[in-house]
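Notes to accompany the following structure.
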Ligand SMILES: NC(=O)c1ccc[n+]([C@@H]2O[C@H](COP(=O)([O-])OP(=O)(O)OC[C@H]3O[C@@H](n4cnc5c(N)ncnc54)[C@H](O)[C@@H]3O)[C@@H](O)[C@H]2O)c1
């Protein structure tokens, strides 16, 4: 069964491609390589790769029809949509860039799918990567899916709008979707041949590694006067392979809805570990795992950082039977560090 993975040359996408292969799906990666890594797809994952943009409706419609000479793969039966820009700070400085890429281009992609489903009376469902950033400042923690969504930056809004499209298209066109709201993706495949490689990097764990390796002089901790035990922000870190597993479960859930032809509401799931760690705690854990001292300084708060974001993933457990396999933060850091060392030729 072929699955189109948009953004599959990126961090979470590449791990999901591997998980799909392990479950005997045939993933096909579509990525415009603005941030992705072609070699990861063609050399480490060994799956068909198409360099292209999600907004290219000719390309998408040909792919869906199975007219894809590049891959000689059979027609596509499901889509996982990771492709997006995901830098919160950049989205505040340049919202148009985010609304164009994440919203307008996703709309083009969804239109292609709806059109194809209509003309072929077929059922191609979609799994969409959303984010806990759509909650803004949550009303209650741990955060469950019924928390009010009130994003506090254009990145969060861009994901919110696509969630809305999926709701409307489910009702009007019967488009079937699962929406995953991830908390902080972290870690790497234990094989350490794929992992996180963002440029620029904004995620805490790899940023700490950058200080250890000397790429960065010092780590800036944004605020130590939050209402938390040590004053720094608390986040929920979820292993990237656990996220990948959830996508397989999400796809299978959708395939089981095949006979429901009427209106469909997206099924929404938070994906997190259900445990929070403060920035200072993460620094300590990284120090423990790597045996290195980390040079950091307190900087002023960043705009729009909620003090505590911790997921309740009970719904994913109850409905999908999903549970994180790599719960310990030490293990998440260990996998991330092994990959970082290999990727940066550190012995
Ligand atoms: N990393 C996290 O902690 C996190 C948390 C919540 C949500 N998410 C969401 O998960 C998804 C994947 O995140 P990631 O960390 O793997 O990001 P990533 O940047 O590593 O991967 C995204 C990929 O999408 C590609 N892409 C972007 N726009 C495209 C377009 N118009 N057409 C084709 N390809 C395009 C990029 O080249 C990149 O390879 C994103 O949608 C992100 O918003 C990530």
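Worth pointing out:
- For segment 23-41, residues that are in a helix (DSSP H, G or I) and either out of contact with any helix residue (DSSP H, G or I) (no Cβ under 6 Å at 6 or more places or on another chain) or closer than 15 Å to residue 82 by Cα (or both) total 3.
- Residue within segment 292-309 that is more than 27 Å from residue 231 (Cα to Cα) and out of contact with any strand residue (DSSP E or B) (no Cβ under 9 Å at 6 or more places or on another chain) present: no
- Any hit, segment 267-284, residues being touching a helix residue (DSSP H, G or I) at 6+ places or on another chain (Cβ under 6 Å), surrounded by fewer than 24 Cβ atoms within 10 Å (Cβ to Cβ), touching a residue at least 60 places away in the same chain (Cβ under 8 Å) and part of a loop (DSSP other than H, G, I, E, B): no
- Residue 20 being touching a helix residue (DSSP H, G or I) at 6+ places or on another chain (Cβ under 7 Å), away from the ligand (no atom under 14 Å from the Cβ), part of a helix (DSSP H, G or I) and modelled with pLDDT under 95: no
- Of note, residue 127 satisfies the criterion of being crowded, with 21+ Cβ neighbours inside 10 Å and closer than 14 Å to residue 270 by Cα.
- The one condition in (1) free of Cβ contacts under 8 Å to residues at least 40 places away in the same chain; (2) surrounded by 22 or more Cβ atoms within 10 Å (Cβ to Cβ); (3) under 18 Å from residue 85 (Cβ atoms) that residue 54 fails to fulfil: (1)
- In segment 146-168, residue surrounded by the fewest Cβ atoms within 10 Å (Cβ to Cβ) [restricted to those that are within 16 Å of the ligand (Cβ to nearest atom) and over 21 Å from residue 107 (Cα atoms)]: 152
- Some residue of segment 33-40 being more than 8 Å from the ligand (Cβ to nearest atom), without any contact (Cβ under 8 Å) to a residue 12 or more places away in the chain and over 28 Å from residue 306 (Cβ atoms): yes
- Here segment 61-74 is the region considered, the condition is being more than 16 Å from the ligand (Cβ to nearest atom) and surrounded by fewer than 16 Cβ atoms within 10 Å (Cβ to Cβ), and the residue that is modelled with the lowest pLDDT is 69.
- Condition check for residue 143: farther than 30 Å from residue 75 by Cα, away from the ligand (no atom under 12 Å from the Cβ) and crowded, with 20+ Cβ neighbours inside 10 Å: yes
- Identification of helices (runs of 4 or more DSSP H) wholly contained in segment 72-161 with 3 or more residues that are over 18 Å from the mean Cα position of the chain (by Cα) yields 95-98, 105-120.
- Screening segment 1-17 for residues that are assigned to a loop (DSSP other than H, G, I, E, B) and either touching a helix residue (DSSP H, G or I) at 6+ places or on another chain (Cβ under 6 Å) or closer than 17 Å to residue 76 by Cβ (or both) and picking the one that is farthest from the ligand (Cβ to nearest atom) gives 1.
- Scanning segment 196-229 for residues that are within 30 Å of residue 124 (Cβ to Cβ) and buried (at least 20 other Cβ atoms within 10 Å of the Cβ) yields one hit, 196.
- Meets criteria (modelled with pLDDT of 95 or more and over 24 Å from residue 242 (Cβ atoms)) for residue 41: no
- When restricted to residues that are touching a helix residue (DSSP H, G or I) at 6+ places or on another chain (Cβ under 7 Å) and either near the ligand (Cβ under 10 Å from one of its atoms) or farther than 19 Å from residue 134 by Cβ (or both), segment 99-110 contains 4.
- Selection count where residues are in a helix (DSSP H, G or I) and closer than 19 Å to residue 12 by Cβ, scope segment 44-71: 2
- Enumeration of residues in segment 169-193 that are touching a residue at least 40 places away in the same chain (Cβ under 8 Å), in a loop (DSSP other than H, G, I, E, B) and either surrounded by fewer than 22 Cβ atoms within 10 Å (Cβ to Cβ) or away from the ligand (no atom under 11 Å from the Cβ) (or both): 174, 175, 176, 188, 189, 190, 192, 193
The values are calculated or read from the model by the stated rules, or taken from the named source; none is laboratory data. Not measured: the values here are computed from a predicted model. Every residue, glycine as well, gets a Cβ built from its backbone with ideal geometry; the counts of neighbours run over all protein chains shown.
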